[in-house]
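The values are calculated or read from the model by the stated rules, or taken from the named source; none is laboratory data. Just so it is clear, the structure is predicted and the values come from calculations on it, not from any experiment. Please note: Cβ atoms are built from the backbone with ideal geometry, for glycine as well, and neighbour counts cover all protein chains shown.
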């Protein structure tokens with residue numbers, strides 16, 4: 001009797017722990033919004049509007065990514081995708097970095113695809129290359145950067161994105177070959193990177209999955225699970241971003257990253273991590289600073305470091321990956337952004 005009670009108590013505790021783990025992001029988001037609303041109702045409404053507007057803006061990318069990931073799982077095509085990422089890691093990293101720097105997906109839109117790839121056993125090195133390059137630039141950001149800062153700056157930012165992806169990918173490859181990061185995903189996300197069994201025993205995909213009730217169910221289940229996962233983490237990210245935009249004046253950022261020389265590039269890199277506004281708001285700020293004498297290399301370092309570690313991108317990594325992978329991601333953002341700024345400044349000299 002006692003053993004039964006203890007077993008049931010242990011099971012109940014485990015269930016409660018998992019429920020709290022699943023819901024704590026919702027609680028944190030609701031608590032922050034409620035506190036802001038009580039202290040400043042106007043800002044509370046503005047933050048809520050900001051979250052809704054950004055979720056709506058990213059919805060097309062998210063829906064496409066979620067649909068592709070769910071379709072790959074329902075049809076069994078995920079095994080083919082994972083097998084396509086086997087082979088020479090050097091080539092995989094090169095392709096992943098280039099695609100990440102040139103793809104139209106925002107950092108939020110690639111989350112379900114990255115989670116699926118890691119869960120299927122795709123090497124972390126290739127995923128890291130794509131993950132690092134993706135938030136820095138995309139076609140629309142390239143056009144906007146060229147219009148605000150000039151075509152030369154836009155090219156430099158694109159090359160920095162691809163270079164950062166290559167740097168992170170090859171360093172991660174060396175670390176994984178030494179035995180590190182064997183299980184990169186957090187517990188409960190995908191299958192913790194152990195999905196390589198599907199690659200070892202592949203089955204032909206069923207492209208018209210809707211004719212099979214079990215596959216239709218799997219499609220709906222995966223799409224719903226991924227949608228809820230994205231919605232809770234992005235809601236928290238956008239709430240925090242709205243508060244940063246409201247309470248971190250652009251003048252403070254300008255004062256911190258202004259100046260010339262190596263010191264300005266170092267400061268811009270470090271400030272870009274916590275104080276980055278967003279991709280669109282940062283461009284005119286950097287343009288004004290460069291016009292006032294700020295080193296262009298410092299401006300590039302600020303944009304690259306801030307883009308990789310912006311709240312949506314960083315929280316996406318935190319939500320999916322274990323802490324060691326997140327720390328590695330931030331380290332790549334800092335060192336790679338500083339190197340990009342220095343190289344750009346040397347090239348202009």
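Considering each residue of the stretch 194-206 in turn, none proves to be at pLDDT 75 or above, loosely packed, with under 12 Cβ neighbours inside 10 Å and assigned to a helix (DSSP H, G or I).
Screening residue 295 with (1) crowded, with 24+ Cβ neighbours inside 10 Å; (2) within 21 Å of the chain's Cα centre (by Cα); (3) more than 14 Å from residue 270 (Cα to Cα) gives one miss only, at (2).
Test residue 267 against the stated conditions and say whether it is assigned to a helix (DSSP H, G or I), within 24 Å of residue 329 (Cα to Cα), modelled with pLDDT of 75 or more and over 15 Å from the mean Cα position of the chain (by Cα). So residue 267 passes the test. Whenever a residue of the stretch 267-292 is at positive phi and surrounded by fewer than 23 Cβ atoms within 10 Å (Cβ to Cβ), it has no partner that is in a helix (DSSP H, G or I) and modelled with pLDDT under 70 lying with C-beta atoms less than 8 angstrom away and at least six residues away or across chains. Within 15 Å of residue 306 (Cβ to Cβ) and assigned to a helix (DSSP H, G or I): is that true of residue 145 in this structure? For residue 145, the condition - within 15 Å of residue 306 (Cβ to Cβ) and assigned to a helix (DSSP H, G or I) - is met. The residues on offer are 153, 130, and the sole one that is surrounded by 24 or more Cβ atoms within 10 Å (Cβ to Cβ) and either in contact with a strand residue (DSSP E or B) (Cβ under 6 Å, 6 or more places away or on another chain) or in contact (Cβ under 8 Å) with a residue 24 or more places away in the chain (or both) is 130.
In summary, residue 83 fulfils each of the numbered conditions (1) at pLDDT 65 or above; (2) surrounded by fewer than 19 Cβ atoms within 10 Å (Cβ to Cβ) with the single exception of condition (1).
Each row is one residue, and each column tells you yes or no for (1) within 30 Å of residue 232 (Cβ to Cβ); (2) modelled with pLDDT under 80; (3) in contact with a helix residue (DSSP H, G or I) (Cβ under 9 Å, 6 or more places away or on another chain); (4) in a helix (DSSP H, G or I).
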position: 256; (1), (2), (3), (4): no, yes, yes, yes
position: 262; (1), (2), (3), (4): no, yes, yes, yes
position: 280; (1), (2), (3), (4): yes, yes, yes, yes
position: 293; (1), (2), (3), (4): no, yes, no, no
position: 313; (1), (2), (3), (4): yes, yes, yes, yes
position: 327; (1), (2), (3), (4): yes, no, no, yes
